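A.B. asks: Questions regarding the structure given below will be posed in turn.
Any read-out appearing in this document is the output of simple, stated calculations on the displayed coordinates, not a laboratory observation. Quick caveat: nothing in here was measured; it's all calculated off a predicted structure. All Cβ positions, even for glycine, are placed from backbone atoms using ideal geometry, and neighbour counts span all protein chains on display.
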Protein chains: 2
Amino acid sequence: MKNNNINNLLKSNGFSVTKPRVQIIKILQNSNSPIGIDAIINKTDGKIAISSAYRIIADLLDADLINAFQSPENKLLVELIQNNTKHHHHLYCQSCKKVLDIDIDEKLEKNIDSLIRKISKQNNIEITNHSFELFGKCNDKSHE
Amino acid sequence: MKNNNINNLLKSNGFSVTKPRVQIIKILQNSNSPIGIDAIINKTDGKIAISSAYRIIADLLDADLINAFQSPENKLLVELIQNNTKHHHHLYCQSCKKVLDIDIDEKLEKNIDSLIRKISKQNNIEITNHSFELFGKCNDKSHE
DNA sequence: ATAATATTGAGAATGATTCTCAATATTATT
DNA sequence: AATAATATTGAGAATCATTCTCAATATTAT
């Protein structure tokens, strides 16, 4: 994405165009899997303050431009919501700490939806969200 | 459960019998939903040090006597694994912060298992665990 | 170009969890 | 039951991710 498009993205969501915001969006665009705050900051040559990074991420989250969630190691992970981003889930590798996006097939997704409706009724609770996460170990033994 | 049974549980898992360990197991037995460290400590009249509580929970976890996981507010929640405990999932209420255990029906559980096998193959990753968590809002408006 | 406003960076503050180690309790031995 | 050997505890310091504060700086509107 060109800078102009990032500018438009920011402006159309009520943000002023600042270097840190543009940088962070670029980094998220170039990442093909969810990424942590520390990694984001590393990719900016340390030019963005940690507090600014957190603040910007929080703002982008409020504007629904990104997804954010906690890794099993309890760090915030972040991914940009692209035009074609649909509801999906994550696979955490406990050896190499990478996170993969996974899709689940439509049939299962529907099953899950109907389960959710059932639980919602049974417990008289409005269910607003759900997560389905997988944990595994890849064959990269270098981390053991 | 009587004290004797708790003593046996501890001994048969290689633990010596100490007051803090017995207390914590009792508290977990009397809790019908996952409970946080702070709540555990509160129920002991503040007699157990925070560091001891964390240590004991970690030990019980190693011995597979309890399940532990993070709440959406990023606190450790803990529940005892009873004889009849089977694989289940959790529903977090974002208003009242309670956690409910939920069962999912066998058919869906099987679907999930087969999805997991598929993803495992596709990504050449051994999948060791998964979580399926629901988030909702109950009708208790006192927290808003 | 200037003024008004918003954002940033640096570091202090916070909150959960982990670590350290001397004091104390438990277990094994007599 | 008393003692010695070993394990556990409590208190507080340390750590780690995240949030807060506020003066310095950048952006936007005029």
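A.B. asks: Under the convention of a label 7 Å out along Cα→Cβ, give the distances in nm from A:SER12 to the same position in every other copy, shortest first.
C.D. replies: Counterpart label points of A:SER12 in the remaining copies fall at 6.4 nm.
A.B. asks: Membrane-span-like helices in chain A: DSSP H runs reaching 15 Å or more (Cα, own axis), mean Kyte hydropathy at least 0.5? All intermediate terms of the calculation are to be shown ahead of the outcome.
C.D. replies: Working: long enough: A:19-30 (16 Å, -0.24); A:50-62 (18 Å, 0.79); A:106-123 (25 Å, -1.20).
Those that clear 15 Å and a mean of 0.5 are A:50-62.
A.B. asks: Distances from A:ASN84 to the same residue in each other copy, label points 7 Å out along Cα→Cβ, in nm, shortest first?
C.D. replies: 5.0
A.B. asks: In this model, which of A:LYS98/B:LYS121; A:LYS43/A:LYS98; A:LYS43/A:LYS86; A:LYS75/A:LYS107; A:LYS110/B:LYS98; B:LYS43/B:LYS98 are farther than 21 Å apart at the alpha-carbon?
C.D. replies: On the way: A:LYS98/B:LYS121 17 Å; A:LYS43/A:LYS98 17 Å; A:LYS43/A:LYS86 26 Å; A:LYS75/A:LYS107 32 Å; A:LYS110/B:LYS98 27 Å; B:LYS43/B:LYS98 17 Å.
Pairs exceeding 21 Å: A:LYS43/A:LYS86; A:LYS75/A:LYS107; A:LYS110/B:LYS98.
A.B. asks: Assuming 1.002 mPa s and 20 °C, estimate D for the stretch A:1-82 with Stokes-Einstein, Rh taken as the Kirkwood radius over Cα pairs, in µm²/s. List each step's numbers first, then the result.
C.D. replies: Details: Rh = 12.7 Å.
Estimated diffusion coefficient is 169 µm²/s.
A.B. asks: Still on this structure: Please identify every one of the trypsin sites (Lys or Arg not before Pro) in the stretch B:65-144 that sits in a loop by DSSP and has no more than 10 other beta carbons within 10 Å of its own beta carbon.
C.D. replies: Numbers: sites: B:LYS75, B:LYS86, B:LYS97, B:LYS98, B:LYS107, B:LYS110, B:ARG117, B:LYS118, B:LYS121, B:LYS137, B:LYS141; in loops: B:LYS75, B:LYS86, B:LYS97, B:LYS98.
Those that pass, being in a loop and sparsely packed, are B:LYS86.
A.B. asks: Now for a separate question. Sort the stretch B:86-144 into rounded, prolate or oblate with this rule: let a ≥ b ≥ c be the square roots of the eigenvalues of the Cα gyration tensor; rounded if a/c is under 1.5, and if a/c is not under 1.5, prolate when a/b is larger than b/c, oblate otherwise. Provide the component values of the computation, followed by the final result.
C.D. replies: Numbers: a/c = 3.68, a/b = 2.52, b/c = 1.46.
Taking the square roots of the gyration eigenvalues as a ≥ b ≥ c, the stretch B:86-144 is prolate.
A.B. asks: Decide, for chain A, between rounded, prolate and oblate: order the square roots of the alpha carbon gyration tensor eigenvalues as a ≥ b ≥ c, take rounded if a/c falls under 1.5, and otherwise choose prolate if a/b is larger than b/c, else oblate. Write down the numbers at each step before the final one.
C.D. replies: Numbers: a/c = 2.11, a/b = 1.34, b/c = 1.58.
Oblate, since a/c reaches 1.5 and b/c is not below a/b.
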